[in-house]
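Reviewing the structure listed below.
Taken together, the values in this text are just the output of simple stated rules run on the coordinates, not laboratory data. Bear in mind that the values here come from a model prediction, so they are computed numbers and not experimental data. Neighbour counts are summed over all protein chains in view; Cβ atoms, including those assigned to glycine, are modelled from backbone coordinates with ideal geometry.
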């Protein structure tokens, strides 16, 4: 994959809105251009037209630029599992949640592709991504248990869902975003059902 770099013609003025978004875009540009480890918080803030102090108002460190949305993603997954029909099987509730996440990534396709190229180039970030996925699986398993699903069914369903998301996302990245991620996820859940039936 050859990532598209978001080139800033010039640093933006401090008065312009969306400080978090500006910092995120500036960080991604620098991470791709110079590498994650070589980029400093000061450089990110300057490119965004902001101060280091403003950076730390939004992010604990430069890794958090890549992971700050994990809480919102977890809430989306958990709420989708929680809101699934009572009659839905555990894996169906998980499938709905993972497809919802896939649709979100699809909407932010360019950002997702750029973010992944940065993570793929850095072992520390890859480890952080795996921790994030494990946390998402645990949260979805908890949501299933609150629906009355016992163990090991809750954990197996949640872990299978994360495996589908991970494999689907990797394929989507390899194919540069084609076909769309929700479709890939649906197809992978079908393959999982076929592989585990009979």
query = Helix 70-82 versus the longest principal axis of the chain: what is the Cα-based angle in degrees, 0 to 90, to the nearest 10?
reply = 20 degrees
ask   = What's the angle, to the nearest 10 degrees (0 to 90), between helix 123-146's Cα axis and the longest principal axis of the chain?
value = 40 degrees
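Can you put 172, 68 in order, fewest other beta carbons within 10 Å first? Working shown, then result.
On the way: 172 25, 68 15.
Sorted ascending by nearby Cβ count, the order is 68, 172.
Give me the tail of P(r) for the range 150-192 as a percent: Cα-Cα pairs with distance above 17 Å. Each step should come with its number before you reach the end.
On the way: 297 of 903 pairs.
Tail fraction, whole percent: 33.
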remark   = One computes Rg over Rh for the range 19-65 from alpha-carbon atoms, with the Kirkwood Rh, and obtains 0.90
request  = Please express the Cα-Cα pair-distance distribution P(r) of the chain as a list of whole percents, one per 10 Å bin, running from 0 to the bin with the greatest distance.
outcome  = 9, 32, 31, 19, 8, 1, 0
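Above 18 angstrom, tally the Cα pairs of the range 101-198 and express them as a % of all pairs, no decimals. Walk me through the numbers before you get to the answer.
Numbers: 2549 of 4753 pairs.
In whole percent, the share of Cα-Cα pairs in the range 101-198 beyond 18 Å is 54.
If each DSSP helix of 4+ residues adds -39,500 (n - 2.57) and the sum is divided by the residues in the chain, what number results at 222 nm, nearest 500 deg cm²/dmol? Don't skip to the end; give the middle numbers.
Numbers: 10 runs with 140 residues, N = 198.
Computed ellipticity for the chain at 222 nm equals -23000 deg cm²/dmol.
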remark   = For the chain, the longest principal axis of the Cα atoms and the Cα long axis of helix 181-196 enclose an angle in degrees, to the nearest 10, of 30 degrees
note = residue 61 and residue 183 label points (each 7 Å along its Cα→Cβ direction) are spaced in nm at 4.1 nm
remark   = Of 48-57, 155-164, 111-120, ordering from highest average Cβ density within 10 Å down gives 155-164, 111-120, 48-57
task = Distance from a point 7 Å along Cα→Cβ of residue 109 to each backbone N in the range 160-181: keep the residues under 20 Å and list them by number.
result = 165-181
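Multiply the residue gap between residue 194 and residue 131 by 0.36 nm, knock off their C-alpha separation, and tell me the result in nm, one decimal place. All intermediate terms of the calculation are to be shown ahead of the outcome.
Details: separation 63, 0.36 × 63 = 22.68 nm, distance 2.88 nm.
Stretched fully, the residue 194-residue 131 segment lengthens by 19.8 nm.
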